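The values are calculated or read from the model by the stated rules, or taken from the named source; none is laboratory data. None of the values given here were measured: they were computed from a predicted structure. A quick note on method: Cβ atoms are made from the backbone with ideal geometry, for glycine too, and the neighbour counts reach across all protein chains shown.
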Amino acid sequence: MCYVGPLSGAIITSILWKRTKSLRMFWLNLLFWGGALFGVIDHLLNGELFLISEDISRDLFIGGVITGAILAAWGGVLYLVRKRPELLKTLSS
């Protein structure tokens with residue numbers, strides 16, 4: 001269940017990105033989809049049937065931590081691009 005937080009974020013940001021076409025929202029969307037995919041793969045590799053582990057509350061907490069880490073990473077990227085705009089030009093070439 002640790003994928004629920006990032007998956008929820010991915011669905012919400014997908015809807016918002018379709019409306020805004022913002023590059024920043026696109027970055028966040030990709031990060032959330034990656035986090036959700038990581039959670040699903042983790043559950044499958046651990047042999048958890050139907051992607052649900054024995055301790056759902058722990059999984060939901062971990063999902064919250066993963067979602068927070070995704071938001072922090074996104075914020076860090078936005079901060080770097082704002083402070084050093086030449087990084088954005090480097091990425092797009």
_It is to be established whether one or more residues within the stretch 80-92 are of a type in the set (G, A, S) and modelled with pLDDT under 90._
yes
*If you scan the stretch 56-72, which residues turn out to be in contact with a Gly (Cβ under 9 Å, 6 or more places away or on another chain) and among the small types (G, A, S)?*
G63, G64, G68, A69
*When the stretch 1-24 is examined, which residues are found to be surrounded by 13 or more Cβ atoms within 10 Å (Cβ to Cβ) and of a type in the set (V, I, T)?*
V4, I11, I12, T13
*Would the stretch 74-91 turn up any residue that is exposed (fewer than 10 other Cβ atoms within 10 Å of the Cβ), out of contact with any Leu (no Cβ under 6 Å at 6 or more places or on another chain) and of a type in the set (V, I, T)?*
yes
*Determine the pairs where a residue that is within 19 Å of P6 (Cβ to Cβ), located within the stretch 16-38, has a partner that is outside any helix (DSSP H, G or I) with Cβ atoms under 6 Å apart, the partner being 6 or more residues away or on another chain.*
A36/Y3
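Take the residues of the stretch 26-50 that are of a type in the set (A, V, I, L, M) and modelled with pLDDT under 95: which is farthest from the chain's Cα centre (by Cα)?
Per the criteria, the residue is L49.
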